[in-house]
Amino acid sequence: MRQPCTGTRPNGGGTAPVPAPVITGIGSWLPPAVLTNDVLAKRVGTSAEWLNSRTGISSRHVASPGTATVALAVEAGRRAMESAGTDRVDAVLVATVTPDRICPPCAPEVAARLGQPRIAAFDVGAACSGFLYGLAVAGGLIAARTVRRVLVIGAETMTSIVDPRDPGTSAIFADGAGAAVLRAGEPDEPGAVGPVILGSDGSCADLIAVPAGGSRLPLSNDPDGDGGGRYLSMSGPDVFRKAVSRMAAVSRAAAEARGWELEDVDRVVAHQANAHILAAVARKLGVPPGRMAANIAEVGNTSAASVPILLAQDAAYGRTKPGDRVLATAFGAGLTWAATTLVWPELPRIPEPATPL
């Protein structure tokens, strides 16, 4: 089996290993309020059974009024830092499509609330692929020796951009946050993030979009007149096909870049888009259902928060164990997609997920 390459950089007359990003802490946060299909079905005028059959989701967590993305990100970040046994990081990255405000970005406020003033902090906008894009950026910062420890957070309040009357989107999307602390380490140690394979296709930007609210169509010019343009729209059949093909292809590429065969993978942590997409990706990759991590039935689709929440929950509940070979993959608006690999590390502290604020 092909072994992964390790990079070097000049160091005077010789070379020094390029530091690799290593996961050293993980945490997640789900707001305590739960919206079940029984309640949602009454709101949108359908049945709980219909909602479940279309999505594989029976309940989802929703932020309470007045609670926005920064608050969720702070709680997940705090728990990841607790898991890592550190009270200091050098940079904070927040992957989100639902910032508290269009300006400023979330990350500087998150850093300040976590007691990390004056450090590098910025948002990553890659939709549901955002957390994996954030891992790639963090890896670059660590490899360049700009920083030694980075907190990467995926956080969303998706219910703030979903039409509550639309069963096609309100049944799918939910709120939550997940986070990981990465430190500079060796590329062959447990927890080292393998090559992150990234891709995009902007020609399909309109397949998943919030039409109004940006510079192209300010909310004041929303042609719907009722504010409908501020809600997420999605072309379901097209998204399904592209999500399955892109996640399968990028997963294969990430495994190959690590020198793994797909049968070597113990756990596939895929973005929780909907249950049918997950099943189709598993079939396309030839991965047995027992190796596909899943929490979509109780958590729903939390966009950029999806992968880190699932990683944290799987570790907390012992479904992913130290030494397991993990492949993480995602697909989202943009269109964007990403995948990476790691051998799961021994983490001394894994906070229990979803403890109420």
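Within the stretch 123-144, how many residues are closer than 20 Å to VAL326 by Cα and out of contact with any His (no Cβ under 7 Å at 6 or more places or on another chain)?
To start, the set of residues in the stretch 123-144 that are closer than 20 Å to VAL326 by Cα comprises 128-139.
Restricting the remaining residues to those that are out of contact with any His (no Cβ under 7 Å at 6 or more places or on another chain) gives 129-139.
Looking only at that region, the number is 11.
I need a count of the residues in the stretch 247-263 that are assigned to a loop (DSSP other than H, G, I, E, B) and in contact with a Leu (Cβ under 9 Å, 6 or more places away or on another chain). Total satisfying the criteria: 1. Residue count for the stretch 294-338 satisfying the condition of being under 21 Å from ALA136 (Cβ atoms), in a helix (DSSP H, G or I) and over 16 Å from the mean Cα position of the chain (by Cα): 0.
Take ALA333 and decide whether it is within 29 Å of PRO167 (Cα to Cα) and in contact (Cβ under 8 Å) with a residue 60 or more places away in the chain.
Yes; evaluated as a whole, the condition is true for this residue.
Can you find a residue that is among the β-branched types (Val, Ile, Thr) and within 18 Å of the chain's Cα centre (by Cα) anywhere in the stretch 64-72? Checked the stretch 64-72: at least one residue is among the β-branched types (Val, Ile, Thr) and within 18 Å of the chain's Cα centre (by Cα). Filtering the stretch 231-251 to residues that are modelled with pLDDT of 90 or more and of a type outside the set (A, V, I, L, M) leaves TYR231, SER233, SER235, PRO237, ASP238, PHE240, ARG241, LYS242, SER245, ARG246, SER251.
Residues PRO117, PRO104: which one is modelled with pLDDT under 95, over 19 Å from the mean Cα position of the chain (by Cα) and not charged (D, E, K, R)?
Every option except PRO117 fails the conditions.
Number of residues in the stretch 270-287 that are out of contact with any Gly (no Cβ under 7 Å at 6 or more places or on another chain), touching a residue at least 40 places away in the same chain (Cβ under 8 Å) and surrounded by fewer than 21 Cβ atoms within 10 Å (Cβ to Cβ): the value is 2. Within the option set ILE23, ILE57, being at pLDDT 95 or above, over 30 Å from ALA257 (Cβ atoms) and either in the same structural domain as ALA305 (by TED's automatic domain parsing) or buried (at least 20 other Cβ atoms within 10 Å of the Cβ) (or both) holds for one residue only, ILE57.
Taking the criterion of being touching a strand residue (DSSP E or B) at 6+ places or on another chain (Cβ under 8 Å), in a helix (DSSP H, G or I) and free of Cβ contacts under 8 Å to residues at least 60 places away in the same chain, the only residue of the stretch 234-246 that qualifies is VAL239. One residue alone among SER53, SER129 is within 20 Å of HIS271 (Cα to Cα) and touching a helix residue (DSSP H, G or I) at 6+ places or on another chain (Cβ under 9 Å), and that residue is SER129.
Output the residues belonging to the stretch 144-162 that are more than 22 Å from the chain's Cα centre (by Cα) and either farther than 29 Å from PRO21 by Cα or small (Gly, Ala, Ser) (or both). Across the stretch 144-162, the qualifying residue is only ALA144. Any residue at all in the stretch 58-68 that is farther than 24 Å from VAL299 by Cβ, among the charged types (D, E, K, R) and outside any helix (DSSP H, G or I)? Looking for residues that are farther than 24 Å from VAL299 by Cβ, among the charged types (D, E, K, R) and outside any helix (DSSP H, G or I), one finds none in the stretch 58-68, hence no.
The values are calculated or read from the model by the stated rules, or taken from the named source; none is laboratory data. In this text, all values refer to a predicted model and were calculated from it rather than measured experimentally. Glycine also receives a Cβ, built like all others from the backbone with ideal geometry; neighbour counts cover every protein chain displayed.
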